[in-house]
Each structure stands twice: as structure tokens, then as C-alpha cells.
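Reading through the C-alpha cells given below for one structure.
The values are calculated or read from the model by the stated rules, or taken from the named source; none is laboratory data. Please read all numbers here as calculations on a predicted model, not as lab measurements. When the accessible area is computed, the model is the full protein with side chains, heavy atoms only, and any ligands, DNA or RNA have been set aside. Shrake-Rupley method; radii C 1.70, N 1.55, O 1.52, S 1.80 Å.
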Amino acid sequence: MAQRKIVKNNTNLEKDMFTGAILNRDSNAYSQVVKRKQLRKQKETELQDLKSQVSELASLVKTLTEKIDK
């Protein structure tokens, strides 16, 4: 198992002595990051859905105006 040491002046961080990686031990902060990522992904999905709907509406309006003009 890899040996870890607590980073000086910050008990939430550990240094993996084998890889040199700095690891965050604060599970609360990790949970918040995961929630933020989920919310951002959800908002991006909603935005893409709205863009698709607007595009479809624009296409329908164009079709309707072409039929009215005939």
C-alpha cells in the first residue's frame, strides 16, 4: 500500500509518497464537485434540447410560410 503524508498547513490534503500526487481527503468537497458536475451536465443537456426545439419550430414556421405563399 502506498505511503501517504499529510501536507503541511492543510490537513485535508495528503501526498502519495510513491507517485507524488496530492490527494484531497475532504469527502464533503468531493461530493460538492460531483454535484456541480451533474448540474452542469444537466443544464447543458437542457440547453441542447431547447436549441433542438427552436430549430424544429423555425423549420415548421418556414414550411408554413412557404405553404401560405403558394
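Report the full-extension gain for the segment residue 3 to residue 22: residue separation times 0.36 nm, less the Cα-Cα distance, to one decimal in nm.
Length gained between residue 3 and residue 22: 5.6 nm.
Kindly write out, for segment 10-20 in residue order, the coupling ³J(HN,Hα) from the Karplus curve 6.51 cos²θ - 1.76 cosθ + 1.60 (θ = phi - 60°), rounded to whole Hz, with x marking Gly and Pro.
Taking θ as phi minus 60°, the curve returns 8, 6, 7, 10, 10, 10, 7, 5, 7, 9, x Hz for segment 10-20.
Could you tell me the relative contact order of segment 1-61? Use alpha-carbon pairs under 8 Å, at least six residues apart, and round to a whole percent.
17
Mind computing the radius of gyration and Dmax over the alpha-carbon atoms of the chain? Å is fine for both.
25.5, 78
Taking only protein heavy atoms into account and a 1.4 Å probe, give the accessible area per residue of the chain in Å².
It amounts to 97 Å² per residue over the chain.
Excluding same-chain pairs closer than 8 in sequence, count the lysine pairs in the chain whose Cα atoms lie under 24 Å apart.
Eligible lysine pairs with Cα atoms under 24 Å apart amount to 7.
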